[in-house]
1. So how strong a dipole does the chain carry about its Cα centre when Lys and Arg Cβ are +1 and Asp and Glu Cβ are -1, to the nearest 20 debye?
2. If you take the beta carbon distance between Asp166 and Ala282 as r and set R0 to 35 Å, what does 1/(1 + (r/R0)^6) give as a FRET efficiency, to the nearest 0.05?
3. For every helix of n ≥ 4 consecutive DSSP H residues, a contribution of -39,500 (n - 2.57) applies; sum these over the chain, divide by its total residues, and give [θ] at 222 nm rounded to the nearest 500 deg cm²/dmol.
4. Rg to Rh for region 210-309: what is it, with Cα atoms only and Rh by Kirkwood?
5. Report the residue, chosen from Arg99, Arg284, Arg241, that carries the largest GNM mean-square fluctuation when the chain is represented by alpha-carbon nodes joined by springs under 10 Å.
6. Once phi is turned into ³J(HN,Hα) by the Karplus curve 6.51 cos²θ - 1.76 cosθ + 1.60 with θ = phi - 60°, what whole-Hz value does each residue of region 272-287 show in order, with x for glycine and proline?
7. For Glu144, what residues show an amide H to amide H distance below 5 Å, using hydrogens built from the backbone and excluding near sequence neighbours?
8. Could you point to the residue in Leu68, His112, Gln56 farthest towards the positive end of the chain's charge dipole, with +1 and -1 charges on the Cβ of Lys/Arg and Asp/Glu respectively?
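Where a number appears in this text, it was derived from the coordinates with a stated rule and is not lab data. Quick caveat, the model's predicted, so the values are computed rather than measured. Positions of Cβ are backbone-derived with ideal geometry, glycine not excepted, and every protein chain shown enters the neighbour counts.
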Amino acid sequence: MRARNGFGLSSPQALAEFFPRLVAWQRAHGRSGLPWQHTQDPYRVWLSEIMLQQTQVASVLQYYPRFLERFPNVQTLAAATPDEVLALWSGLGYYSRARNLHRCAQAVVAEHGGQFPASAEALATLPGIGRSTAAAIAAFCFGERVSILDGNVKRVLTRLLAFEGDLASATQEKALWQQAQRLVPADASAPDMAAYTQGLMDLGASLCARSQPQCLLCPVQPLCLAQAQGRPDEFPVKTRRLVRRAESWWLLVLVRPDGRLWLAPRPERGIWAGLQTFPVFASREELQQHTAGWGLPPEPEREHEPVRHALTHRELTLHWLEWCVPEAPASGADSLPAGLSSELRAGKGRWMTMPEALACGLPAPIRAWLLQR
């Protein structure tokens, strides 16, 4: 039977049994060997939660130990430069997470004496910590009786409750938050809260997958209204879908005879914000107009194979046009040869050796391209 309104059905049986069933399943079959588990250190849990946003566990397993080795606590992270943080994050994607991570560490040190707040409500006021991440930290580290609701968990709970509300609507998402909180018993213990929170993540990442959910193996299958109605693939309901736009970017690669490359930081907002890149242009014609009068040959000395790179909202095709330029005058390593545009100087770029470039925060395709040179 379909729900008659956007707020879905709430089975009394589900409300009573979901929590203990999920806790028992997680302890018997859930993930237990991840490096950020079995700790109540908010710094380590917070770092893992930020890294895991829209990123596969396998990728995070490569970055998490390296990040902790360089920044073992919130104080060392707060004291780092933005470029040091971005360099270690390079390749993990969604770079606003790294910038917010750094700002959050500085806020924890400056405003909270280096100690993370102990409640989800207070944690959610920090830069880059949303409501679900705050709930995860509070549940894992402080045993707070509060539910998470990330993308995978939304799928689990909308199926469990046959929640018909369109999650493109803030009102319906708020209603699902209320339903999620109702599933947490008033007397839930701190260890149970940790197992329950991990269980939600594990179930959404495994059996309750987006397509072809393994309902027969699911520990809460007897409680799931969507499965009982034979339509788990219909949840969650979300009418507004992501549309990815195709763009071509033309990259100006300037190389000196000594092998140094000209790199400059991207603007603080937008794609690859704050990362070091080659100058970017919207078309070949724009690049050539920009470089006219520099004394460069009209055609590049090398035109590399285009590279495709998918972002959340963009499908980029990167074109690489390379020119060799004369050595800079003796006035400094960051000087530009006569005739090169003052606009490059205004971009705060500089000539870098390959090791210097690879030590910076670079977008993944720029780093991969440099390593293949």
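1. Details: 38 positive and 33 negative charges, 186 e Å.
Approximately 900 debye in magnitude.
2. Numbers: r = 36 Å, r/R0 = 1.03.
The computed FRET efficiency comes out at 0.45.
3. On the way: 16 runs with 161 residues, N = 373.
Helices in the chain give a 222 nm mean residue ellipticity of -12500 deg cm²/dmol.
4. Here Rg/Rh amounts to 1.32.
5. Arg241
6. Calculated HN-Hα couplings, in order: 6, 4, x, 7, 7, 9, 6, x, 10, 10, 7, 7, 4, 5, 5, 4 Hz.
7. Under 5 Å from the amide H of Glu144 lie the amide H atoms of Ala139, each far enough along the sequence or on another chain.
8. Positive-most Cα among the choices belongs to Gln56.
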